[in-house]
1. In Å³ and rounded to a whole number, note down the convex hull volume per residue for the Cα atoms of segment A:102-189.
2. With axes computed from alpha carbons, what is the tilt in degrees of helix A:332-344 against the longest principal axis of chain A, rounded to the nearest 10 within 0 to 90?
3. Given a Förster radius of 35 Å and the C-beta distance between B:A105 and A:T145 as r, what FRET efficiency does 1/(1 + (r/R0)^6) yield to the nearest 0.05?
4. With a 10 Å cut-off between alpha carbons and a GNM built on chain A, which of A:L41, A:L290, A:L143 moves the most?
5. Can you tell me the length gained on complete extension of the stretch B:L258 to B:R386, counting 0.36 nm per residue apart and subtracting the Cα distance?
6. Taking square-rooted eigenvalues a ≥ b ≥ c of the alpha carbon gyration tensor, is segment B:393-493 rounded, prolate or oblate, where a/c under 1.5 means rounded and, failing that, a/b exceeding b/c means prolate?
7. State, to one decimal in nm, how far the label point of B:T27 lies from the label point of B:E90, with both points 7 Å from Cα in the Cβ direction.
8. Any idea which of A:H113, A:L143, A:I103 is furthest toward the positive side of the dipole for segment A:102-217, if Lys and Arg beta-carbons carry +1 and Asp and Glu beta-carbons -1?
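Bear in mind that the values in this text are calculations on the coordinates, not laboratory data. What you are looking at is a predicted structure, and each value in this text was computed from that prediction instead of being measured. With ideal geometry, Cβ positions are generated from the backbone for all residues, glycine too; neighbour counts draw on all protein chains shown.
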Amino acid sequence: MTVFTPASPLDFDDPGLGDHFLRLVGDGDEYGAVDVVTTLLEQDVPPQRIMMDLIARTQSRVGELWAANEWTVAREHAATATAERALAALATRTAIRPDRGRITIACVDGEWHALPVRILAEMLRLDGWRVDFLGPSVPGPHLVTHLHQTGPDAVALSCMISTRLPRAHAAITACRAAGVPVIAGGRGFGPEGRYAQTLGADAWAAGAEEAVARLAASWPPPPRDPQVHAFLGDDEYTHVVRHRPDLIATGMRALMAAYPGMAAYDDRQVDSTLEDMGHVVDFLAAALYLSEPQIFTDFTDWTLAVLEARKVPPPALRSGLQVVRDQLHDYPRALSVLDAGLSRLTP
Amino acid sequence: MRTLVPAPALLRAALDAASEAVLLCSTPDDTILLVNAAAATLVPDVAALHGALTAGHDTFTVEHAGRHIAGKRRVLDADHHAWYLRDRTEEVNRAAALSAERARAAFLAESGRRLSASLHQGRCLRTTAELAVAHLADAAVVILPPDRRRSTWLRLTTGERIIEGSVPERELSEVPGLVEVLGGFPPIPSRWLDAAQAPSWLGLGEIGALLVTPLPGNAAPAGALILAKREGRFSTDDEILARVFAARAGAAISAAGLYREQVDTAAVLQADLLPPELMQMDGVELVGSYQAAHEAMRIGGDFYDVFEPTHPGGDTVLALGDVCGTGPEAAVLTGKVRQTLRALHLVDAAPAEMLRVLNQALLQSGRQHRFVTLVVGALRRAEHGRVRLTLATGGHPPPLVLRNDGTVEEVPVSGTLIGAVTETVVRPAEVELAPGELCLLYSDGLTEARGGPTATDQYGEARLHAALSTCQGLPATATVERVRQLVSDWMRGGARDDIAMLAVRAPVRTALSLRDGGQSQSSFALNTRRVRQRS
């Protein structure tokens, strides 16, 4: 095994470069990370390749390291902030005159995973689009106001976590009602972007490169009536959302009764247990909203892996689902979603 | 054709008396044996139907001498069959009129929906051209009334992309009828316009017919719609439909124009009231974040500002405050407070002094019940990469300091509300940040954010302390972003109050991108700029 040495010229194809960059962002070494990026640019590596093959790839490794409990949340945040500075440095050094239309890019309200979207913003800018990046967690009304003021040719909307899909739906419907077609992106829209179609998005892209190609090839899509996909959800969804506080509070009491050891929890442990219960209810609500039990089973699979890495035994998650299930006996669809989740947790 | 075999007179008389048109035929050789009176009236030249009759089908529909004729074959015996003919002309015309009417209704419904969708004028113009080309003509040009002696136009031809441009006002008269329409006079009917006179700047090429329709606006025309057909003419129906469509398009375009005027005016006012883009200081990380309450206008009660040193080696002054109330009134007071602070900074007032003078100024401005909570800090770099802050507050949550060991301290400052009573008590405090340490100034919208599992709990100071302690070692941008994220998750989206934050951090190492001054043409570049766009 050869140890990568960051000597000029950098070899872009050396896998060691990725490890080196990961170390730099993990240490929050902005100077080092910016240096790597600008050196590569000076060596005529196309900026798109630096963004996709170095920055984006490193970011997905950062996510994996967090999930595997090898990195703390704080380190993950530091790495993301450092990668953003590297991306910004790259952006300042690649000026392009816009020759396509104008596009608005935003993360759904409540969605904070901004780096992949920033990369998309830069990729589109390099492709000649005039880009307005509105940032993470953009409230729907602010997004629509922006559309009326700037009249873009497209909105690119990102959603990484499926619990935000009802809000994504409101945003998509509002954008299309304002006459602006929407391209959706991000893991939250499900396998092959299946949920994006249900929510009425005009297109879906798996990643930045695909989005750039889609927007360059056939845009705008033919106009459709924005109200066709405007209503989803049913009374079970409404019940779960409206009774969220009760479902969590009652569930918490049931957990306390079942596990006397929880009485000794400090405020932070109680808060994080409440937060986990909140996730169970939110993913259940999203699964009901879209009639897609897979949203919930994907959540249980993922949570199980994350908990395993943190040495939390599966029965904890199982109990969490069970205490919510016990409160929803009159709601057959909710029960079947929860049962689908519970079946994943059976040893 | 063979000679007709004469039919019995009685049979002929019976068939002639019938109102239905009948042709009696011999089957083996497909010859017509008898044409009754009704059939002779309907089809004077029966031979013209020969093709349809011998095609081998049991029914046919043909157009003959301007009439639509339908036939149905009936077998009479082994050697004979009859064709019963029916005049469908009226039916066909009615069906055509109905489907044309349906198409018109669908077109106008689609127009209404798409034109009312956007308040952006550019989009309205594009939609107008797209709809016109899809339903009314081969090419459409939308022209706006002249502004500073030039008219902007937008053209769409079938199968091509939209092209935009502008033309000097004097050339508008080259398009027959256009000046009249833009001047608010009734349009000239299409048949009086000479299509050949269309000037080349319209870019329509060879055209057969031209129609200039006004786009009615708010008491003055919003513009004109020029339609062109490659061949043929515009019928009276076409003209009426174009005028109905133009009325909708004109209303949408002029509404968008009004909206733009208001947005432009509001933007001028807001520009001074929104949080500033923060300068990048050497040796200090400075990050601001402002999130407006969802319902309020985008300018509200919270603000922050940073004033650069007035002389080399002088202090940088930070201020973060919360004016009571939201909306325009709060914004006006915010502007006053910021301006007063800026002036006080010019005379090198210390933070505690600034608060006292500001209190006097607000009390003397005469407006009752207008107060503000505020934290002011004077910032300077000290030796070994340390940063020193003198802080003073007036009725404001004390700033927090995140130490390198992860502990979170409250800065021991206190002071009374500003603008409420004449006697203020201000106790300032000094804070020193070692490299890696951070001081967070925030407004109470942060700790009073309601949400959590019960949806009504306040986020509270304990959670803020806990959240901040997990940010040890993070750059200031990441810390501010993380706190924002945690509070947003807590509220699950519904911010009821403004939230402002300003973080100062002594960096561990001077970063290259900061040395560059952080100037950027990128679409995002600086955290503060992003915050400004969206909040």
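1. Hull volume over Cα atoms, normalised by residue count, gives 71 Å³.
2. So the inclination is approximately 70 degrees.
3. Efficiency, rounded to the nearest 0.05: 0.60.
4. Comparing A:L41, A:L290, A:L143 in a Gaussian network model of chain A, the most mobile one is A:L41.
5. So the chain would gain 40.8 nm between B:L258 and B:R386.
6. Oblate is the answer for segment B:393-493, as a/c is 1.5 or above yet b/c matches or exceeds a/b.
7. Result: 3.5 nm between the two label points.
8. A:L143
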